[in-house]
1. Taking the options Asp91, Asp82, name whichever one is open to solvent by less than 10 Å² (accessible area, probe 1.4 Å), among the acidic types (Asp, Glu) and modelled with pLDDT of 95 or more.
2. Being of a type outside the set (S, T, N, Q) and within 15 Å of the chain's Cα centre (by Cα): is that true of Tyr211 here?
3. How about the range 122-166: which of its residues are basic (Lys, Arg), within 21 Å of Tyr83 (Cα to Cα) and open to solvent by less than 90 Å² (accessible area, probe 1.4 Å)?
4. Surrounded by fewer than 16 Cβ atoms within 10 Å (Cβ to Cβ), farther than 21 Å from Ile104 by Cα and of a type in the set (Phe, Trp, Tyr) - does that describe any residue in the range 190-210?
5. How many residues does the range 31-70 hold that are among the aliphatic types (A, V, I, L, M), open to solvent by 20 Å² or more (accessible area, probe 1.4 Å) and either assigned to a strand (DSSP E or B) or at positive phi (or both)?
6. Does at least one position in the range 167-179 carry a residue that is assigned to a loop (DSSP other than H, G, I, E, B), open to solvent by 10 Å² or more (accessible area, probe 1.4 Å) and of a type in the set (Asp, Glu)?
7. Are any of the residues in the range 3-11 surrounded by 14 or more Cβ atoms within 10 Å (Cβ to Cβ), part of a helix (DSSP H, G or I) and touching a residue at least 40 places away in the same chain (Cβ under 8 Å)?
8. Among the residues of the range 122-136, which ones are in contact with a Pro (Cβ under 7 Å, 6 or more places away or on another chain) and of a type in the set (Gly, Ala, Ser)?
Amino acid sequence: MKYSVIIPVYNSPMEFLKLCIDSVLNQTYQNLEIIIVDDGSIKEVGNFLDQYADIDHIKVFHNTNHGVSYSRNFGIEKSTGDYISFVDSDDVLNPKFLEIANQILEKNNYDMIVSQVTFNEENLDSCEYMLYKGPNINKELMNYYLSFRNINFKDDNKWVNRGPVARIIKKNLIVENRFDEDVNFAEDVLWNLQLLKKLNNVAVLLMPAYYYRKNNGSLTSKYHYNFDNELVPVAKIIMIF
């Protein structure tokens with residue numbers, strides 16, 4: 001099976017970008033393509049990304065600034081893999097993530113495998129895992145995305161993230177569930193909820209698959225002065241679940 005790993009980029013520090021891209025390049029499973037979508041970064045970042053364009057299974061695209069949802073949707077359009085995974089441009093992927101996921105998918109026809117993230121990069125050295133599944137897994141995950149409470153999905157060292165990262169999803173299913181480009185806050189939670197309503201066969205891979213770098217300048221960590229108004233459109237949609 002072939003995997004498409006989509007990396008949206010907007011002015012990430014180049015030292016973090018290198019670590020991110022190299023972590024995908026160095027996956028122990030190599031039937032993959034890397035799709036880098038530059039969302040209108042400064043010239044220095046764009047030039048840095050172009051250094052990877054000559055590598056056979058890397059595609060680099062430069063767009064004007066439209067936002068991360070547009071970039072992810074754009075990457076989906078350009079992908080040719082059977083499954084899609086997203087990586088944020090300053091984070092790092094466990095080198096065995098695709099290999100382990102592929103071993104599971106060869107035996108089970110899952111629509112999506114959700115894994116865990118960690119704030120401690122050293123945790124990526126561990127390749128021990130457990131597969132969590134069951135008849136109510138979709139409902140469990142939906143409740144977890146809204147409450148962030150479920151001891152099956154999180155502990156002190158790793159947890160299931162409510163964003164689109166640390167997941168592998170069938171392309172034909174994700175094509176039908178794009179990111180809402182008109183929602184600028186909590187769009188990841190909304191996307192996850194909408195996706196879970198359409199998938200029939202989901203499993204959770206309990207292992208630290210993804211190093212989530214704390215970034216005080218990121219969109220999700222900065223203070224939102226217009227928080228109430230930003231949340232209204234998302235809350236209205238979530239109310240239907």
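1. None of the other options fit; the residue is Asp91.
2. So Tyr211 fits the description; yes.
3. Passing the criteria: only Arg162.
4. No, every residue in the range 190-210 fails to be surrounded by fewer than 16 Cβ atoms within 10 Å (Cβ to Cβ), farther than 21 Å from Ile104 by Cα and of a type in the set (Phe, Trp, Tyr).
5. 1
6. Yes: the range 167-179 contains one or more residues that are assigned to a loop (DSSP other than H, G, I, E, B), open to solvent by 10 Å² or more (accessible area, probe 1.4 Å) and of a type in the set (Asp, Glu).
7. no
8. Selection gives Ser126 alone.
The values are calculated or read from the model by the stated rules, or taken from the named source; none is laboratory data. Predicted model, so just to flag it, every value in this text is computed and none were measured. Backbone-built Cβ (ideal geometry, glycine too); neighbour counts: all protein chains shown. Protein only, heavy atoms only, side chains kept; ligands, DNA and RNA dropped before computing areas. Shrake-Rupley method; radii C 1.70, N 1.55, O 1.52, S 1.80 Å.
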